[in-house]
Amino acid sequence: MKNIPYGRQNITQEDLNAVTETLLGDFLTQGPKVQEFEQKFAQYVGAKYAVAVTNATAGLHIAVLALNLKAGERVITTPITFAASANCVRYAKGEVWFADIDPDTYILSLDSIRSLLGSKPKGFFKGIIPVDFAGLPVDAEEYRKLADEHGLWIIEDACHAPGGSFTDSQHKEQRCGNGVYADIAVFSFHPVKHIACGEGGMLTTNSKTLYKKLALLRTHGITKENMAEDHGGWFYEMQELGFNYRLTDFQSALGISQLARNDAGVKTRNQIADRYKKAFEGKIKFQALPNGQINAHHLFVIEVNNRKELYDQLRENKIFAQIHYIPVHTLPYYKNIGYKGADLTNAEAYYARCISLPMYPTLTLEEQGYVINKVLAYAK
Ligand SMILES: *Cc1c(COP(=O)(O)O)cnc(C)c1O
């Protein structure tokens, strides 16, 4: 058996052709492939606008800036996520406050947020950054209700969930990042995620104002639109302090090619998840799936009593399971600035027990069976 990682990209001949063709064309960056990728991605998730960026971390950065986060302002997120979900708040010198997770879905708990909001005067917090953890979509409709009651914005960190969806109270399927409930959603195209661009990210929104702001911040804050005077064709204005967070044309070509296979990839990920669940049912706890939701399954997370022992045993058998995540509030940087927020008992209990099993579309049936056997052998 060869090494089995927890996640892996899948590059096909079609992908190679798409990238090569773009490399030999006129544009390596700022060409037509970027716009095509944005349009196709927006259409895929069902949002009005999409803005391609260098990576999701850069995307999160300009998302908080577009929503006008200022120094000292407070934002709530989950401790069970990649550090970038919280770091974006710090880039704008805001304060990160953590709320607890639900012990079964591992998603930021609405009850925990509600009590945190209730413990402070209105206006104390500015926004919420929920995460579609492991690919399980947050119920963005419920978050929206709560956010509207308290005048908060929502950035949905959908890095794990392109192709995931939940069913809203009108029985309508709502795809992650479709712009209906969250103000902005953020996706990542890092190779372990669903769509690989090497590095890359995408922001989606239904707000034209936010779209324009994001597009401006992505490219130095420079624009040729809305200028006071016409000085000539060369002229541009820098209206804001922006960045160079642009995705290249050849990465976009790869992204377009990968996006076309995402539905098939999500389907295969769910078949693998079903196989794991069938084998583990009644023996090992795995992430719950609320009714009406489609988990895009970036990860497949289980909980076990002696997690380190299983992790080491799997490694000895060339299965490179991973831990998602070390709770963000326990990382030295956040410890040093002083942890703020709710009681995080569920997050800490989860971290003591969680382990992510291999999950990617090219994981063979044989490999799936091998992983299941090794995990069950441990569980006995
Ligand atoms: C991967 C990831 C990010 C960061 O994505 P990059 O594209 O690597 O910057 C942010 N949030 C979550 C939840 C992620 O999994």
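Laboratory data are not the source of any read-out in this text; all were calculated from the coordinates shown. Note that this is a predicted model, so its numbers are computed, not measured. Here the Cβ is made from the backbone with ideal geometry for all residues, glycine too, and neighbour counts use every protein chain on show.
Couple of notes before you dig in:
- For segment 4-10, Karplus couplings with θ = phi - 60° (6.51, -1.76, 1.60), whole Hz, Gly/Pro x: 10, x, 7, x, 7, 6, 10
- Violating pairs (Cα-Cα greater than 30 angstrom) within the set Lys33/Lys70; Lys335/Lys380; Lys122/Lys335; Lys120/Lys277; Lys40/Lys278: Lys33/Lys70; Lys335/Lys380; Lys120/Lys277; Lys40/Lys278
- Other residues with beta-carbon under 12 Å from the beta-carbon of Ala347 carry, at +1 per Lys or Arg and -1 per Asp or Glu, a net charge of -3.
- Selection of trypsin sites (Lys or Arg not before Pro), segment 190-272, meeting DSSP coil and at most 14 other Cβ within 10 Å: Lys224
- Over the chain, DSSP H runs of length four or greater, each weighted -39,500 (n - 2.57), average out per residue to a 222 nm ellipticity of -11500 deg cm²/dmol.
- For the chain, the relative contact order works out to 24 percent when only alpha carbon pairs closer than 8 Å and six or more residues apart are counted.
- Loop-resident sites, segment 206-238, for GluC sites (Glu not before Pro), counting at most 10 other Cβ within 10 Å (DSSP): Glu225, Glu229
- Neighbour cut-off at most 11 other Cβ (10 Å), DSSP loop, chymotrypsin sites (Phe, Trp or Tyr not before Pro), segment 196-249: Trp234, Phe235
- When you restrict to C-alpha pairs under 8 Å that are six or more residues apart and normalise by the size of segment 307-380, the relative contact order lands at 41 percent.
- Residues Met238, Met359, ranked from the fewest to the most other C-beta atoms within 10 Å, line up as Met238, Met359.
- Packing rank of 7-17, 143-153, where each peptide gets the mean count of other beta carbons within 10 Å, highest leading: 143-153, 7-17
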